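Reading through the C-alpha cells given below for one structure.
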Amino acid sequence: MSTTTTAPRPGTPQPGSTRIQGSSAKPVTWKIPILLAALGLVAFVFFGLMGPNQTAKFGISSAGDFFQLPVIEVPAFLAGIVLSVVLLGLAGYAVYLKTKSQHVPRWLPIAFIVVFVVAFLIWLVGGARTPNISLAGLIAGSVTLAVPLVFGSLSGVLCERVGVVNIAIEGQLLGGAFTAAIVASITKNPFVGLLAAAVAGALVSVVLALFSIKYLVNQIIVGVVLNVLVSGLTGFMFSTVMQADPEQFNSPDRLPIVDIPVLSSIPLIGPILFRQSVVGYLMYIAVIVVWIGLFKTKWGLRVRAVGEHPEAADTLGIKVNATRFWNVTLGGAVAGIGGSFFTLVAIDSFTKEISGGRGFIALAALIFGRWNPIGAFFAALLFGFADNLQSIVTIIGTPVPSQFMAMLPYLVTVLAVAGLVGRSRPPAASGIPYVKG
C-alpha cells in the first residue's frame, strides 16, 4: 500500500496533495487574465486616448475641518494615459502568469480594481462642465449610503456561516424600516423604534429558520416568499394605516447625529468615523464584533464548524440545528437595525419598497467579501460609492448618463460573481439542511 513505489503521471496530483500544494492543485484558467485585459483596453481607449483635456480637481477638506488641505489637481488626459498603461501592465502580468501555468495572486485584481476606479473617477470629473468635486463629501456620502448594505451583508454572513442561505435580507431590511417608523411615531422615541426594528428583523428570520431548519423547506424558496410577504404586508399597512393618519403613525423623529469634538474636524476621515448617526456607529461596532466573534472565539469556531461540516460538529456535541436557529435569528436582528436607517436617519417617513432592492446588493456584497465581515464591509462601501457617484455626476454635469451610473453596483456584482477577485467559496454546508441520523 506504499505510495512511494508508484510514480505519478506528469500533471496528475498525488492523493492528499491538494492541501499541501495549495493553489497548484487547482486548474489555471484564462478567465481573470482575459477579463483584466479587456478592461485594460477599455480604459486605454476611453480614459487615455479619448480622455478629456481639462484638469480634474478634488477637494479633500471641507469648511468646518480642523485644518485645510490643498485641492488635488490632476490633468485628466495625462493621468488617463498613465493609469491605463498601469492597468494594461497588470493585465499583461496576469497573462504572463497564465502562460507559465501560475495562478494570479489575489492582490493583482484588487490593485487593478483600485487603479481602474481612480482612473474612472478622474475621467468622469475631468469631462464634467464643472470639473471639481469634493472627495471628502463623496467618501462620506458613500459610507452613509452603505450603512444598510453593511448590516444586510453582516446578516448574510451570520446566516451562511452557519449553513443557511439568507435570501430574505430584503424582507428583513424592509420590515425593520417599517417597524422603526411606526413604533418611533407612536412612542415619539427613535431609540425605541431602533429596538423595534431589530425585533422585526429577528421575527422575519424566525420564520426563515423555522421553515428551512425544522421543516426542511428549500431555503431559497422560503427567502423569496418572505421578501414578497413582507413587501405586501408593509405596503398594505402603509396604505391602510400610515396614510390614514401620517401624523400619528408615519412621522418618526430622526436619530441624532453624534459629532465627536475635534476628531470630527479631521479632514477626510473625521466625518466618516466621528460624525455619524447612532446607526452609523453601530455599523462599525457590528463589523468588529462579528469578525471577532466568528474568528477569535469558541462560539465562532462552533458556528463555522456547523457551516462547514455539520456531521462532524454533531459528533463533538454541538447542537447543529439549534446553533443554526439562533444564528439566523441574530442575523435578522442585525438586518433589522440596518432597515431602521431608512426611516430614522435617511428620511423621516416610510414609503412603499423603501429598501429599493438593497437587500440583494447586500447579498452580492456578502459574496464579493468572501463571507467575511471585513470583506463584506469594504464590498458594501464599494457599492455605496457607486450609488453616491450617480447622484454627484448629475450635479457636476458630466456627459455620462445617470442611468449608466445606476448600473454600476450591479455591474460590479457580475464581475465579483464571475471571479474577478478570485473564486468565492461559500461554507461547504450552506443551503444544505441537516437531519440527524
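The values are calculated or read from the model by the stated rules, or taken from the named source; none is laboratory data. Because the structure is predicted, anything quoted here is derived from the model rather than measured. Because the Cβ atoms are built from the backbone with ideal geometry, glycine has one as well, and the counts that use them run over all protein chains shown. SASA here: full protein model, heavy atoms, side chains in, ligands and nucleic acids out. Shrake-Rupley method; radii C 1.70, N 1.55, O 1.52, S 1.80 Å.
Criterion first (under 15 Å from T179 (Cα atoms), touching a residue at least 40 places away in the same chain (Cβ under 8 Å), in contact with a Pro (Cβ under 7 Å, 6 or more places away or on another chain) and in the same structural domain as V183 (by TED's automatic domain parsing)) does P246 satisfy it? Steps first, please.
Details: under 15 Å from T179 (Cα atoms): yes; touching a residue at least 40 places away in the same chain (Cβ under 8 Å): yes; in contact with a Pro (Cβ under 7 Å, 6 or more places away or on another chain): no; in the same structural domain as V183 (by TED's automatic domain parsing): yes.
Judged against the criteria, P246 is not a match.
Considering only residues that are open to solvent by less than 10 Å² (accessible area, probe 1.4 Å) and β-branched (V, I, T), which ones fall in the range 382-403?
Listed by number, the list holds a single entry, V393.
Regarding the range 145-158, can at least one residue be identified that is surrounded by fewer than 23 Cβ atoms within 10 Å (Cβ to Cβ) and over 30 Å from T29 (Cα atoms)? Can you show your working first?
So in the range 145-158, the residues surrounded by fewer than 23 Cβ atoms within 10 Å (Cβ to Cβ) come out as 145.
From what is left, the residues that are over 30 Å from T29 (Cα atoms) are 145.
Yes; the residues of the range 145-158 include at least one that is surrounded by fewer than 23 Cβ atoms within 10 Å (Cβ to Cβ) and over 30 Å from T29 (Cα atoms).
Residues are listed down the side, and each one gets a yes or a no for (1) open to solvent by 20 Å² or more (accessible area, probe 1.4 Å); (2) aliphatic (A, V, I, L, M); (3) not in a loop (DSSP other than H, G, I, E, B):
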{"position": "M237", "(1), (2), (3)": "yes, yes, yes"}
{"position": "R254", "(1), (2), (3)": "yes, no, no"}
{"position": "S264", "(1), (2), (3)": "no, no, yes"}
{"position": "G280", "(1), (2), (3)": "no, no, yes"}
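Looking at I167, I110, I133, I122, which is the one that is not in a helix (DSSP H, G or I) and not assigned by TED's automatic domain parsing to the domain that holds L363?
Result: I133 is the single residue among I167, I110, I133, I122 that is not in a helix (DSSP H, G or I) and not assigned by TED's automatic domain parsing to the domain that holds L363.
Among L149, L138, L145, L174, which is over 15 Å from R324 (Cα atoms), assigned to a helix (DSSP H, G or I) and in contact with an Asp or Glu (Cβ under 6 Å, 6 or more places away or on another chain)? Full working, then the answer.
On the way: L149 fails: in contact with an Asp or Glu (Cβ under 6 Å, 6 or more places away or on another chain); L138 fails: in contact with an Asp or Glu (Cβ under 6 Å, 6 or more places away or on another chain); L174 fails: in contact with an Asp or Glu (Cβ under 6 Å, 6 or more places away or on another chain).
None of the other options fit; the residue is L145.
From the list A200, A196, which one is more than 28 Å from F274 (Cα to Cα), assigned by TED's automatic domain parsing to the domain that holds F342, of a type outside the set (V, I, T) and modelled with pLDDT of 95 or more?
Details: A196 fails: more than 28 Å from F274 (Cα to Cα).
Exactly one residue qualifies, and that residue is A200.
Conditions first: (1) at pLDDT below 60; (2) surrounded by 12 or more Cβ atoms within 10 Å (Cβ to Cβ); (3) over 30 Å from the mean Cα position of the chain (by Cα). S23 passes all but one, so which condition is the exception?
Result: S23 fails condition (3) only.
So F404 ticks every box in (1) touching a residue at least 40 places away in the same chain (Cβ under 8 Å); (2) more than 30 Å from I292 (Cβ to Cβ) but one. Which box is left unticked?
Exception for F404: condition (1).
Can you name the condition, by its number, that S101 falls short on among (1) on the phi < 0 side of the Ramachandran plot; (2) at pLDDT 85 or above?
The failed condition is (1).
Any chance you could count how many residues in the range 107-134 are touching a strand residue (DSSP E or B) at 6+ places or on another chain (Cβ under 7 Å) and either open to solvent by 40 Å² or more (accessible area, probe 1.4 Å) or modelled with pLDDT of 90 or more (or both)? Before the answer, list the steps.
Initially, the range 107-134 is screened for residues touching a strand residue (DSSP E or B) at 6+ places or on another chain (Cβ under 7 Å), giving 122, 125-126, 131-134.
In the following step, the residues that additionally are either open to solvent by 40 Å² or more (accessible area, probe 1.4 Å) or modelled with pLDDT of 90 or more (or both) were identified as 122, 132, 134.
Summing the residues that are touching a strand residue (DSSP E or B) at 6+ places or on another chain (Cβ under 7 Å) and either open to solvent by 40 Å² or more (accessible area, probe 1.4 Å) or modelled with pLDDT of 90 or more (or both) in the range 107-134 gives 3.
Name the residues in the range 300-319 that are in contact with a helix residue (DSSP H, G or I) (Cβ under 6 Å, 6 or more places away or on another chain), surrounded by fewer than 23 Cβ atoms within 10 Å (Cβ to Cβ) and in a helix (DSSP H, G or I), would you?
Matches in the range 300-319: G300, A305, D314.
From the residues in the range 343-356 that are open to solvent by 20 Å² or more (accessible area, probe 1.4 Å) and under 22 Å from L382 (Cα atoms), which one is modelled with the lowest pLDDT?
Filtering the range 343-356 down to residues open to solvent by 20 Å² or more (accessible area, probe 1.4 Å) leaves 345-349, 351-354, 356.
Keeping just the survivors that are under 22 Å from L382 (Cα atoms) gives 345-346, 354, 356.
Details: V345: 94, A346: 90, I354: 94, G356: 87.
Per the criteria, the residue is G356.
With (1) out of contact with any Gly (no Cβ under 9 Å at 6 or more places or on another chain); (2) in contact (Cβ under 8 Å) with a residue 24 or more places away in the chain; (3) under 18 Å from L173 (Cβ atoms) as the list, and G232 as the residue in question, which single condition is left unmet?
Only one criterion is unmet by G232, namely (2).
Mind listing just one residue for me: the one in the range 67-80 that is part of a helix (DSSP H, G or I) and within 31 Å of the chain's Cα centre (by Cα) and, of those, nearest to W30 (Cα to Cα)? Before the answer, list the steps.
Let us first name the residues in the range 67-80 that are part of a helix (DSSP H, G or I), namely 76-80.
Imposing the further condition that a residue be within 31 Å of the chain's Cα centre (by Cα) reduces the set to 76, 79-80.
Values: A76: 32, A79: 29, G80: 26 Å.
By that ranking, first place goes to G80.
Being open to solvent by 30 Å² or more (accessible area, probe 1.4 Å) and at pLDDT 85 or above narrows it down to one residue among A406, A418, A379, A428; which is it? So that I can check it myself, show each step before the final result.
Working: A406 fails: at pLDDT 85 or above; A418 fails: at pLDDT 85 or above; A379 fails: open to solvent by 30 Å² or more (accessible area, probe 1.4 Å).
That would be A428, the only listed residue that is open to solvent by 30 Å² or more (accessible area, probe 1.4 Å) and at pLDDT 85 or above.
Taking I34 as meeting all but one of (1) at pLDDT below 90; (2) closer than 19 Å to V115 by Cβ; (3) open to solvent by less than 40 Å² (accessible area, probe 1.4 Å); (4) of a type in the set (A, V, I, L, M, F, W, C), write down the number of the exception.
For I34, the failing item is (3).
When the range 86-100 is examined, which residues are found to be loosely packed, with under 14 Cβ neighbours inside 10 Å and among the β-branched types (V, I, T)?
T99
Results for (1) of a type in the set (G, A, S); (2) over 22 Å from the mean Cα position of the chain (by Cα), shown as yes or no for each residue.
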{"site": "V258", "(1), (2)": "no, yes"}
{"site": "L273", "(1), (2)": "no, no"}
{"site": "Y284", "(1), (2)": "no, no"}
{"site": "V290", "(1), (2)": "no, no"}
{"site": "L294", "(1), (2)": "no, no"}
{"site": "H309", "(1), (2)": "no, yes"}
{"site": "A333", "(1), (2)": "yes, no"}
{"site": "A346", "(1), (2)": "yes, no"}
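All but one of (1) among the small types (G, A, S); (2) more than 25 Å from V164 (Cβ to Cβ); (3) in a helix (DSSP H, G or I) hold for A335; state the number of the condition that does not hold.
Exception for A335: condition (2).
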